[in-house]
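Structure, as structure tokens:
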Amino acid sequence: MLFFYFNRILTFVENILAAIGCILLFGMTFSIIFEIFSRAFFGTSYYWINEINEYMLLYLTFLGGAYVLRNNGHVTVDILDTLLSETYRKYSKILIYLLGIIVCLVLVYYGTLVTLDAFARDLRSTSLLAYPQAYIYIAIPVGSLIMLLEFCRKILALQFDSVKE
Amino acid sequence: DGVETVADNEGDSEEVYNFELVAYMGFDNILTKDVVPMWIEKIEESTAGRVQIEWVGGHEVIPREEQFDAVSNGIVDVSFNASAFFSHIMPEADTLHLSPYTPHEERENGYFNYLSEKFENHNLKYLGRYISGMGFYLWSNEKIETLEDLKGLSFRTSPVYQDILDRLGVNPVSIPPAEIYTAIDRNMVDGYGYPILGPYEDGLTEVTNYIINEPFLNNNNAIFFNMDVFQTLPSELQETLLKATEEFEYDMLVHFEKESERQWENSLKHVEIIDLGDEDSERFQEVVNDVYWEKFESDIPDEVDVIKELFDITN
Amino acid sequence: MEWWLLLLIILIALIFLMFIQVPVAFAFILVNIVAAYFLWGGEQGLLLVIKSVKDSLTTFTLLPIPLFILMGEIIFQSGIAPKMINTLDKWLGKLPGRLSLLSIGGGAMLSTLTASAIGSTAMLGSTLIPEMEKKNYSKEFTIGPILASGGLAVMIPPSALGVLMASMSGISVGAFLIAIIVPGILMALLFSVYVIVRAKIQPHMAPAYDIEMISIRERLKLTAKYILPLSLIILFVIGSIFLGIASPTEAAALGVLGSIILAIGYNSFNKKVIVTSFIKSLNISVMILIIVSGSKVFSQVLSYSGATRGLVSIVGNLNFAPVIILLIMILIVLIMGSFMEPLSIMMVTIPIFIPIVEILEINLLWLAVLLLIAIEIGNISPPFGIGLFVMKGVAPKGTIMMDIYKASIPFVLLNLFLIVIIIVFPDLVTFLPDVMRE
Ligand code: NA
Ligand code: NA
């Protein structure tokens, strides 16, 4: 029952983040087009548009990370696949997901520390926009947290599958 | 407890100290490629080999904006870095852009000590700097004879001089370094700001017509050490390091003068030099100064008076 | 610890993780984390990893990756691509391996638009593969040409990598961009000849399918309808760079605009096309960008550890004939190409290679072209390489890594052959720039 809610809420959150990712993709495209046209027709350039796009690249990547993970969209090298037995494959999956969880834990924990530090020192980007770096970094712990939960779900799903069998 | 550490280490005159150095540019850049090895050699010679320094690389090793913290946290021991890449952490560093002094004058008139204190607040030991008296120039494809001619042109910008361009009526366009060549070649922008060192090496002079002979701001470059690590050195080695870097500053004045001469010669193969005339030159420098003092007023209001006094500016 | 031992441990760890099927991106990050912890002084090192991840992704020149993918998805989802392919097909007539040729031709065409191999591979893959599958092309013939034509993006101007290579080696950028043209065209030709010959010998690889023969008039009509409008996109992207309206990176956004205008023009720009294009683009972009970030930080770790410098400086201490040293340089770059992203490879190798090359009196222009090809080979040669990973990401469901390896090998060999040709005939590189100079 608990798993049922966890499942639904996680899916919902991932979808929302993916939707934001798509909006960012849209925003990137049209902000750049806007910059090009404004320069070509009015001779005005908005230097911060390029900079904002750099941040969007980071947001996009981390917000979309969990959604892509859910759809098994992250590339693996599967050359040993055909050689392995079904049981082995199940255990190796658990190992992989655990490693994924470790990676995400580090990203969440140290990402949070870096974000808090940037916030405390009021660090700005080295550009003229002087964008607060805490707002950039925060995408890393947030996105990684959802990826962490997605790895957890994958492990849990393996258990539920074997119960069904 | 710094004294204690020194005392502890005093007796051991055989120990060899190994340090790692990163620079804001890599093994290939004209501002670092010969200079860093020259400093290392100087240090190793003057300490009779007791201090060994390994240059691990440039921003391919640690991103240049992170090197300040990396030295401060002890990930590496020394960095060669320009204020543009750490003034977001230590805004006082940007005053280097306006210093009217040579490095040795700075050591005498207190500005060196002022900066040392600021570095110390970040757990860093300021050893000195190696580029001075070398400004930025506007490189242009349009012939500029007066400041009026600049109005309405588009120039590739950098945070260092963006406000200056703005104030001069130039439209600043942001372009990644790798694409400056194409942007100039295709007339996407009319020019860019750059020191005399660089455009020839990067091939940019091939597609540039003019350089405005009006250097502005100082290129600057600081050498700083992790404070804890520095203090583990016996006091006589600390002295030697400071002394050697001071000498190095003299060497670099000569080195970059020669280098500049060579680059002027090279650049003028492709590029024509143009002058603004006395009156506009003065106005131009006024804009530069205004922009930077306003910036200091807003970023470091408490420091402005101190710096004005150090720079011997009265108003 | 000796650098070579460290290098060995790091590489074995990475290879092990990838072989047990940890997703490539996470394998990179995991190795980065462990290495950073030990090399960079514990927790401080992990904080630096986070900062480096941020710096690696907040890079404006990465922008064409999501944008070109989006452009490709819109062209494909709105059904323009299949129509275009069908029309081109009519012109190619009975040439064996038509669709594979198309991906090479498309790759060459695209390479005049794009500066990055990754973006180009991803776009071609998502556009052409579905059509090739429908026509029962073998995996080898589907994947290989697309994988290989990514390299064309770098060898045909505009090439961001080429500009960097030139400025790092101290060669004239203009001369270098001209110097890569002949090798680039040669590369495309080699690929095409191979496809035609192989398809002739083994027709089942690229089954010929019936095309109804239609009159020239009809063909021209179809061309006007489905191919000419595509030049709008080329006009947007190349034209805007050429006319100085947009920088090469920005131009990718105009490519998206062009594809949207086309889709509207064909009356096939609807909600479903929009949603599918965006979601698919998000998927592919995220997958690529995380790997790019992981491998960039990995490059940093390797550079810091002294492994890359050590490896490269070995070459400096060798007393071999110039040709042998040249081959060793190429080999080193080839190996690095499997694990590191191109820019980092250049940054560590070029400054060390150049002085050696100057002593040996090897022509710099020539060497730089050879190294650029070698970096691209490293990207697509088994078992690792960003090109391979990207391909896996856009390949049809059920494609295993072995399929991609098999497909890549002929093209790796062709590229190596190209290197040999250029070594034997240096004029291929130096001829055009010499003409330009006069
Ligand atoms: Na290209
Ligand atoms: Na490879």
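The values are calculated or read from the model by the stated rules, or taken from the named source; none is laboratory data. Quick caveat: nothing in here was measured; it's all calculated off a predicted structure. Note that each Cβ is placed from the backbone with ideal geometry, even for glycine, and that neighbours are counted across all protein chains shown.
Things worth noting here:
- Yes/no for B:LEU197 being surrounded by fewer than 23 Cβ atoms within 10 Å (Cβ to Cβ) and in contact with a helix residue (DSSP H, G or I) (Cβ under 9 Å, 6 or more places away or on another chain): yes
- Top-ranked residue in the range A:24-41 [being within 25 Å of A:THR11 (Cβ to Cβ) and of a type in the set (A, V, I, L, M); ranked as nearest to the other protein chains (Cβ to nearest Cβ)]: A:LEU25
- Of the residues making up the range C:224-244, those that are within 14 Å of chain B (Cβ to nearest Cβ) and in contact with a helix residue (DSSP H, G or I) (Cβ under 7 Å, 6 or more places away or on another chain) are C:VAL237, C:SER240, C:ILE241.
- Some residue of the range A:68-80 being more than 8 Å from chain C (Cβ to nearest Cβ) and of a type in the set (D, E, K, R): yes
- Residue within the range A:42-51 that is within 19 Å of A:TYR131 (Cα to Cα) and within 9 Å of chain C (Cβ to nearest Cβ) present: yes
- Residue pairs whose Cβ atoms lie under 6 Å apart, separated by 6 or more positions or on different chains, with the first residue in the range C:318-340 and within 20 Å of C:ILE291 (Cα to Cα) and the second within 16 Å of ligand 1 (Cβ to nearest atom) and in a helix (DSSP H, G or I), are C:VAL333/C:ILE375; C:GLY337/C:ILE375; C:GLY337/C:ASN379.
- Those residues of the range C:51-73 which are more than 21 Å from the chain's Cα centre (by Cα), more than 7 Å from chain A (Cβ to nearest Cβ) and touching a residue at least 12 places away in the same chain (Cβ under 8 Å), in sequence order: C:SER52
- Matching option when the condition is closer than 16 Å to B:GLN263 by Cβ, over 19 Å from the mean Cα position of the chain (by Cα) and of a type in the set (S, T, N, Q), among B:ASN187, B:ASN209, B:ASN213: B:ASN213
- Of the residues C:ILE201, C:ILE216, C:ILE264, the single one that is under 29 Å from A:ILE23 (Cβ atoms) and away from every other protein chain (no Cβ under 14 Å) is C:ILE264.
- Per-region count, the range A:86-125, residues hydroxyl-bearing (Ser, Thr, Tyr) and away from chain C (no Cβ under 11 Å): 1
- Residue in the range C:169-188 that is within 16 Å of ligand 2 (Cβ to nearest atom) and either at pLDDT below 80 or buried (at least 24 other Cβ atoms within 10 Å of the Cβ) (or both) present: no
- Whenever a residue of the range C:362-391 is on the phi > 0 side of the Ramachandran plot, its partners that are of a type in the set (S, T, N, Q) and within 16 Å of ligand 1 (Cβ to nearest atom), lying with C-beta atoms within less than 9 angstrom and at least six residues away or across chains, give the pairs C:GLY385/C:ASN379.
- Test: residue in the range C:400-417 that is in contact (Cβ under 8 Å) with a residue 12 or more places away in the chain, assigned to a loop (DSSP other than H, G, I, E, B) and surrounded by fewer than 19 Cβ atoms within 10 Å (Cβ to Cβ): no
- Only helices (runs of 4 or more DSSP H) whose full extent lies in the range B:28-112 are considered here, and the ones with at least 3 residues that are of a type in the set (Asp, Glu) are B:35-46, B:103-109.
Yes/no matrix, rows are residues, columns are (1) modelled with pLDDT of 70 or more; (2) among the aliphatic types (A, V, I, L, M):
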{"site": "C:MET84", "(1), (2)": "yes, yes"}
{"site": "C:THR87", "(1), (2)": "yes, no"}
{"site": "C:LYS90", "(1), (2)": "yes, no"}
{"site": "C:PRO96", "(1), (2)": "yes, no"}
{"site": "C:SER100", "(1), (2)": "yes, no"}
{"site": "C:GLY105", "(1), (2)": "yes, no"}
{"site": "C:ALA115", "(1), (2)": "no, yes"}
{"site": "C:THR121", "(1), (2)": "yes, no"}
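- Any hit, the range C:342-351, residues being within 14 Å of chain B (Cβ to nearest Cβ) and within 16 Å of ligand 1 (Cβ to nearest atom): yes
- All of (1) closer than 17 Å to A:LYS154 by Cβ; (2) of a type in the set (Phe, Trp, Tyr); (3) surrounded by fewer than 15 Cβ atoms within 10 Å (Cβ to Cβ); (4) out of contact with any Phe, Trp or Tyr (no Cβ under 9 Å at 6 or more places or on another chain) hold for A:TYR67 with one exception: (3).
- Test: C:ILE332 is in a helix (DSSP H, G or I) and of a type in the set (Val, Ile, Thr): yes
- Conditions (1) surrounded by fewer than 24 Cβ atoms within 10 Å (Cβ to Cβ); (2) in a helix (DSSP H, G or I); (3) within 12 Å of ligand 2 (Cβ to nearest atom); (4) within 12 Å of another protein chain (Cβ to nearest Cβ): number failed by C:PRO383: (2)
- Any hit, the range A:32-42, residues being closer than 23 Å to C:LYS280 by Cα and modelled with pLDDT of 90 or more: yes
- Total residues in the range C:368-393, condition closer than 22 Å to B:GLY57 by Cβ and either modelled with pLDDT under 80 or of a type in the set (A, V, I, L, M) (or both): 6
- None of C:MET346, C:MET340, C:MET329 is within 16 Å of ligand 2 (Cβ to nearest atom), in contact with a Ser or Thr (Cβ under 9 Å, 6 or more places away or on another chain) and at pLDDT below 90 except C:MET340.
- Here B:TYR181 clears all of (1) at the interface with another protein chain (Cβ under 7 Å from one of its Cβ atoms); (2) modelled with pLDDT of 90 or more except the condition numbered (2).
- Residues (in contact with an Asp or Glu (Cβ under 7 Å, 6 or more places away or on another chain), more than 25 Å from C:LEU30 (Cβ to Cβ) and modelled with pLDDT of 85 or more) located in the range C:53-82: C:PHE60
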